[in-house]
Amino acid sequence: MSSLVGFLSLVFAIGINFYLFLSRYIFKFQKQKFNLFIRFSSLLTLLSFFSLMYAYVVSDFSNYNVFQNSHSNKPLIYKISGTWGNHEGSMLLWLSILSIFSFFFSFTKNIEDNFQKLTLIIQAFLHILFGLFIVFTSNPFLVNSILVNEGLGLNPILQDPGLAVHPPILYAGYVGYSIVFSIAIAGLFQNTDDEWLYVAKKWSLISWTFLTGGIALGSYWAYYELGWGGWWFWDPVENISLMPWIAGLALVHSLMMVRGEQAIKKWIVFLSILCFSLSVFGTFLVRSGILTSVHSFAADASRGIFILLIFFIVTGFGFLVFLLKEPKKSNALNLLFINKVSALVINNILMIIATLTILLGTIYPIIIEVLYNKRISVGGPYFNSTVIPIMIPGFLLMSIAPILSWQTNKINNSKKYVLAFIILSILVLIQSYFLDFNTWGFVGLLLGFWIILASIIAIFSSYKIKINIKFFKIINPHVAHIGVGIAIVGITCSSVFQNELDFNLSEGDKFNINGKTVLFEKIETTNEINFQSLRGKFLFDIEKNQSKEIEAGKNYYPVSKMITSEAGILHQWNKDIYFILGDQKNNEWFVKVLINPFVSFIWLGVVIMMYSGLIAVSRR
Amino acid sequence: MNRIFILTPLIVLLVICIFSLVYLLSGKDPNKPPSALLNKDVPIFESSSLYNAKDIIKTKDIKNKKTLINFFASWCSPCKIEHPLFFEIGKKYPELYLLGFNHKDPTSDAKKYLEDDGNPYDFVGVDSDGLIALEFGVFGLPETYLINEEGKIIYKFMGPITMDILKNEIEPLL
């Protein structure tokens, strides 16, 4: 029953959007009525999504999708997240988020009626494309042809609270760029005033903040669930999310700085189209199963071709309009050796090069396989040695960019910065000398700390310190950059100064980590609702009264016959001690311990960036 | 000049779409990477039987007969899915030699697995250190190879074999 409701409301919603799309040419609507229709179709799409979720919650195995991906023994939260833990459901989530964005956009004030309408018509067009994709190739409401009492279960690796919320947040980022795309295209069609830039800024900030959160959640999940001790693997799907993120970052910065320069406006339109194109391209790569990765769902060529077609239409349409209706040129950029505009241009060029480098590395295997019928994989070494060096000048620039002037080459208090930089370099050099010297470690630490320090100097020397909301809004760019600096320090330390220790241990053995005694207490197996768990229990620092307990082990999921590893992580502010329980051999367990310094800084940096994103949304 | 700059995204888009389309239409499947070993001689191997350490199988023992080599392990759940299909293959093609390689598995687990689910193989070779799999370029379990009478690898599949694959891809070669 719920499946029928879901399917009908989905089809009905697509129908309304089709009607609205035609309204540009045939039926003319009043603004009020038009908006009502948009909202109604959004609610229908959501109804469709919640019908599917309901089928999951009540374990309605007459729905084929629920049968394939759920199990009545699963805890409620994973039944809910099971809704989007599969291809069909996740595409419906995609469409629902698109609808939510259209819904909220229809309430935007301060923009011209026709402009808003045109934006929403483009949204309706996107809704139709993806809606048809779902109905024809990925229908989550198919009826199960056999009568069953039990489902086949959800991929156990996905049964994790962090991952339950990862897709919706990530999608909110990806799909959020649809609004930015539609605004930009509408802006090209109707050469209105610059008001739309402020609207676009708000939405691109929202999307970027969500995307940041989604990527961070995914990478945090990879960190503790995959049990490899790292948090970024240059997996194709990670790259796919990183591309719109970087392009979106360039977009946000361009939007912040626009002051009527036509050249920048043109660039903004280009970036807006690019961001959404990369999002759709990412959807294509993941959904077609063309790349193998931890995210791959079943490969299906017809799906792949359909979504490739959507990608082609959306991106081709976007760039074609850009080509034909390109904003007219007028005043040139006020480029000086070092002012805000030149910093922005350099920053944008670097970010675009980085995006293209990642794009090349991601699609290169496809091109090679088509041409030479050979399979190659492009991995960490390529990306580390190309993307990171490209970004370094950008990082250097960002430390001072917010305090540069628009009109002149002058940097206020330049002596202070030079002095601070020299002192900092010496300190980091001394630090590197006492630890093992490592070039990347030195560069990363210097950059990270320099960004933090320069931003703090800028805050204290350029503004009067007050504790009120307005002050936090003014210093927000610096705060965002401090977040980046903190994340860079975390990334550098955790990757360059990671330390690995291997042990073969029997129960009751004591061993030493960084001068602290650790007791391998016991191995424990328990039966949970939907899995069996094997845990090694460790007591860290037993000489102290408050020794900490760490559990590392594996889970076995009988329904899907899968084993997942569960790393045991002791979080300390300056390091994570990461336990991985390996296999047993001759009554001894193989235990790997990774010491990851300053990992928490990465997450702290990300949280600060997201905070700044939110503050920036409210700032005009 | 400016025009070319604006045209670039469209050209890039076209190139990406063409390559992706060709890739999709050519029926390439991430589960079926082009193997460097395809149409080459089967790698030289030597392995003892799971049930009798003195019973050795070597590369030359599979010459002059069609052989299906399957890498499996008791800890590999997709292997369990394809397992019953090997009984059908064995029944339908009695002259086909079914060689299983037990990959990185404790002997007791492997024996128990074949006891519980049955043993469809003509010979179960032990590959406890994974060296034979390395020679064959195994990506992950299960993996299946078809060797012709001349000892050349004529087919390779990654992942569990299904009825469709058996019908459409393996049987035409038998």
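The values are calculated or read from the model by the stated rules, or taken from the named source; none is laboratory data. Since this is a predicted model, take the numbers as computed values, not measurements. In this analysis, Cβ positions are derived from the backbone assuming ideal geometry, glycine residues included, and neighbour counts consider all displayed protein chains.
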What about B:Phe139, is it modelled with pLDDT under 85, buried (at least 18 other Cβ atoms within 10 Å of the Cβ) and touching a strand residue (DSSP E or B) at 6+ places or on another chain (Cβ under 7 Å)? no
Any chance segment B:104-111 includes a residue that's over 17 Å from the mean Cα position of the chain (by Cα), within 15 Å of B:Asn148 (Cβ to Cβ) and in a loop (DSSP other than H, G, I, E, B)? no
Any residue in segment B:85-96 that is over 16 Å from the mean Cα position of the chain (by Cα) and closer than 24 Å to A:Thr564 by Cα? no
Taking the options A:Glu566, A:Glu524, name whichever one is surrounded by fewer than 17 Cβ atoms within 10 Å (Cβ to Cβ) and away from chain B (no Cβ under 14 Å). A:Glu524
Exactly one of (1) within 24 Å of the chain's Cα centre (by Cα); (2) under 17 Å from A:Thr283 (Cα atoms) is unmet by A:Ile128. Its number? (1)
Looking at segment A:240-247, can you tell me whether even one residue there is within 29 Å of A:Phe497 (Cβ to Cβ), out of contact with any Gly (no Cβ under 9 Å at 6 or more places or on another chain) and modelled with pLDDT of 90 or more? yes
Quick one: in segment A:363-398, which of the residues that are more than 14 Å from chain B (Cβ to nearest Cβ) and modelled with pLDDT under 80 is surrounded by the most Cβ atoms within 10 Å (Cβ to Cβ)? A:Val378
Among the residues of segment A:52-73, is there at least one that is surrounded by 20 or more Cβ atoms within 10 Å (Cβ to Cβ) and either within 23 Å of the chain's Cα centre (by Cα) or of a type in the set (Lys, Arg) (or both)? no
Please work out which one of (1) farther than 26 Å from A:Gly85 by Cα; (2) modelled with pLDDT of 90 or more; (3) buried (at least 21 other Cβ atoms within 10 Å of the Cβ) is the condition A:Leu308 fails and give its number. (1)
Going through segment B:52-111 one residue at a time, which ones are more than 14 Å from chain A (Cβ to nearest Cβ) and aromatic (Phe, Trp, Tyr)? B:Phe71, B:Phe86, B:Phe87, B:Tyr93, B:Tyr97, B:Phe101
Under 6 Å between Cβ atoms, which residue pairs at least 6 apart in sequence (or on different chains) link something in segment A:337-364 that is in a helix (DSSP H, G or I) with a partner that is among the hydroxyl-bearing types (Ser, Thr, Tyr)? A:Thr357/A:Thr386; A:Gly361/A:Tyr382
Based on this model, can you work out whether A:Leu22 counts as over 25 Å from A:Pro167 (Cα atoms) and not acidic (Asp, Glu)? yes
Quick check on segment A:534-552. Is at least one of its residues part of a strand (DSSP E or B) and hydroxyl-bearing (Ser, Thr, Tyr)? no
Among the residues of segment A:94-117, write down those that are modelled with pLDDT of 95 or more and either assigned by TED's automatic domain parsing to the domain that holds A:Ser178 or among the β-branched types (Val, Ile, Thr) (or both). A:Ile97, A:Ile100
For B:Leu14, which of the numbered conditions (1) at pLDDT below 75; (2) at the interface with chain A (Cβ under 9 Å from one of its Cβ atoms); (3) at negative phi fails to hold? (1)
Report the residue count in segment A:287-305 for those that are facing chain B (nearest Cβ under 7 Å), farther than 16 Å from A:Pro365 by Cβ and modelled with pLDDT of 70 or more. 1
